[in-house]
Amino acid sequence: MTADVWLPIPPDTIEGLPEGPRYRFWDGTDDFPADPADCAYYVVPYMKPAEVARRPLPRLSGVQVVQTLSAGIDSLEPALKELPPGVQVCNARGVHEASTAELALTLILASLRGVPDFVRAQERGEWLGGFRPALADKNVLIVGYGSIGSAIEDRLVPFEVARVARVARSARTTARGPVHPLTDLPALLPEADVVVLITPLNDTTRHLAGADFLARMKDGALLVNVSRGPVVDTKALLAEVESGRITAALDVTDPEPLPREHPLWRAPGVLISPHVGGPTSAFLPRAKRLLADQLTRFVNREPLRNVILTTGSTGA
């Protein structure tokens with residue numbers, strides 16, 4: 001195989017890459033590393049603006065695989081129609097579970113235990129004591145029970161939660177218990193003390209957490225969003241948190257980045273982190289292992305992992 005493979009990580013730093021392809025390093029700079037028409041396997045630059053990631057697509061006339069290093073492919077979807085039919089689009093399942101699950105637990109614990117209040121009190125030199133909610137004995141609802149949702153549950157178990165309820169697009173059974181369909185949300189939301197959103201962003205989940213969803217959450221419940229900002233209706237969320245009825249911890253927002261003067265920054269009971277679920281020291285080793293494995297499969301003409309869709313067969 002002599003086709004080009006575009007990598008956003010220097011190829012000489014990735015152990016286990018198979019011989020054969022011409023490896024081209026491109027991390028979103030203005031100049032392409034070679035003729036896009038010669039690229040057979042395009043790995044999308046990580047944490048670059050969507051317009052940067054999409055820029056080569058119209059010229060990838062010979063591409064066979066588009067590989068993201070993110071869990072979602074929503075930033076690419078509007079431009080997939082530019083690709084020829086038969087292109088496999090793969091995500092980075094297996095790369096972000098550890099980091100995103102860590103952050104989900106961090107946001108839950110920081111919000112419940114009042115860590116932001118302690119940080120502000122420290123700046124004032126104030127000893128801020130008192131009782132705070134614990135994660136122990138809480139009911140947690142995970143909305144979006146894929147590999148990251150499962151990793152979040154793995155980390156919840158040692159905290160002695162009372163119950164974990166799981167929701168995904170369709171019902172199924174796991175070793176830990178049932179996964180409910182989205183249609184069960186109205187019955188599950190009023191029982192949850194903590195609601196964690198980790199769904200992909202698509203037409204079904206855009207504004208999933210809207211006014212009706214939020215109104216069904218119990219008084220004092222915590223909403224945690226580690227998926228995509230538009231899964232939550234920001235206007236509806238602001239109405240609920242400004243009333244003090246629920247609280248929120250958000251790693252993603254809509255809009256994003258959140259403008260300096262946006263009211264979410266100052267809304268009571270809201271903790272915001274700047275979309276940092278994935279970019280940690282855990283990312284690079286897992287991304288490199290994924291790429292080495294995927295490209296070995298590609299060169300050997302073996303089935304690829306994490307194929308989300310194939311262009312031309314799903315309306316992409």
Going through region 101-121 in order, the residues found to be out of contact with any helix residue (DSSP H, G or I) (no Cβ under 8 Å at 6 or more places or on another chain) and of a type in the set (D, E, K, R) are Arg113, Asp117, Arg120
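Can you tell which of His180, His207 is in contact with a helix residue (DSSP H, G or I) (Cβ under 8 Å, 6 or more places away or on another chain) and on the phi > 0 side of the Ramachandran plot?
After applying the criteria, what remains is His207.
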State all residues of region 65-109 that are in a helix (DSSP H, G or I) and of a type outside the set (A, V, I, L, M, F, W, C); if no residue qualifies, say none. Glu77, Pro78, Lys81, Glu82, Glu97, Ser99, Thr100, Glu102, Thr106
From the options Val140, Val161, residue that is touching a Leu at 6+ places or on another chain (Cβ under 9 Å), outside the structural domain of Leu76 (by TED's automatic domain parsing) and under 26 Å from Ala92 (Cβ atoms): Val140
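Mind checking which residues of region 268-298 are among the hydroxyl-bearing types (Ser, Thr, Tyr) and assigned to a loop (DSSP other than H, G, I, E, B)?
Within region 268-298, Ser273, Thr280, Ser281 qualify.
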Every pair of residues 6+ apart whose Cβ atoms lie under 6 Å, when the first sits in region 270-282 and is within 15 Å of Glu256 (Cα to Cα) while the second is assigned to a loop (DSSP other than H, G, I, E, B): Ser273/Asp251; His275/Asp251; His275/Val252; Gly277/Val226; Gly277/Asp251
Go through region 59-91 residue by residue and tally those that are among the hydrophobic types (A, V, I, L, M, F, W, C), more than 20 Å from Thr2 (Cα to Cα) and out of contact with any Lys or Arg (no Cβ under 8 Å at 6 or more places or on another chain). 5
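I'd like to check something: does region 73-81 contain any residue that is among the small types (Gly, Ala, Ser) and within 30 Å of Ser273 (Cα to Cα)?
Yes, region 73-81 contains at least one residue that is among the small types (Gly, Ala, Ser) and within 30 Å of Ser273 (Cα to Cα).
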May I ask you to verify whether Ala134 is surrounded by 18 or more Cβ atoms within 10 Å (Cβ to Cβ) and either touching a helix residue (DSSP H, G or I) at 6+ places or on another chain (Cβ under 9 Å) or part of a loop (DSSP other than H, G, I, E, B) (or both)? no
Can you tell me which of Leu80, Leu76, Leu7 is under 24 Å from Leu309 (Cβ atoms) and modelled with pLDDT of 95 or more? Leu7
For region 214-231, which positions are free of Cβ contacts under 8 Å to residues at least 40 places away in the same chain, of a type in the set (A, V, I, L, M, F, W, C) and closer than 22 Å to Ser273 by Cβ? Leu214, Met217, Ala221, Leu223, Val231
With the requirement that a residue be under 12 Å from the mean Cα position of the chain (by Cα) and buried (at least 18 other Cβ atoms within 10 Å of the Cβ), what does region 75-97 give you? Ser75, Asn91, Ala92, Val95, His96, Glu97
Hits in region 257-297 - residues which are of a type in the set (Val, Ile, Thr) and buried (at least 18 other Cβ atoms within 10 Å of the Cβ): Val270, Ile272
Go through region 110-131 and give me each residue that's outside any loop (DSSP other than H, G, I, E, B) and either acidic (Asp, Glu) or on the phi > 0 side of the Ramachandran plot (or both). Asp117, Glu123
The correct count of residues that are touching a strand residue (DSSP E or B) at 6+ places or on another chain (Cβ under 8 Å) and surrounded by fewer than 20 Cβ atoms within 10 Å (Cβ to Cβ) in region 98-114 is 2
Might you check whether a residue that is more than 24 Å from Val276 (Cα to Cα), outside any loop (DSSP other than H, G, I, E, B), aliphatic (A, V, I, L, M) and at pLDDT below 95 occurs anywhere in region 47-63? no
Looking only at region 152-161, decide whether some residue is modelled with pLDDT of 95 or more and either more than 26 Å from Thr247 (Cβ to Cβ) or in contact with a helix residue (DSSP H, G or I) (Cβ under 6 Å, 6 or more places away or on another chain) (or both). yes
Is it the case, given these coordinates, that Gly28 is outside any helix (DSSP H, G or I), over 20 Å from the mean Cα position of the chain (by Cα), surrounded by 16 or more Cβ atoms within 10 Å (Cβ to Cβ) and at positive phi? yes
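The values are calculated or read from the model by the stated rules, or taken from the named source; none is laboratory data. Note that the structure is a prediction, hence the values are computed from the model and not measured. For neighbour counting, all protein chains shown are included, and Cβ atoms are generated from backbone atoms with ideal geometry for every residue, glycine included.
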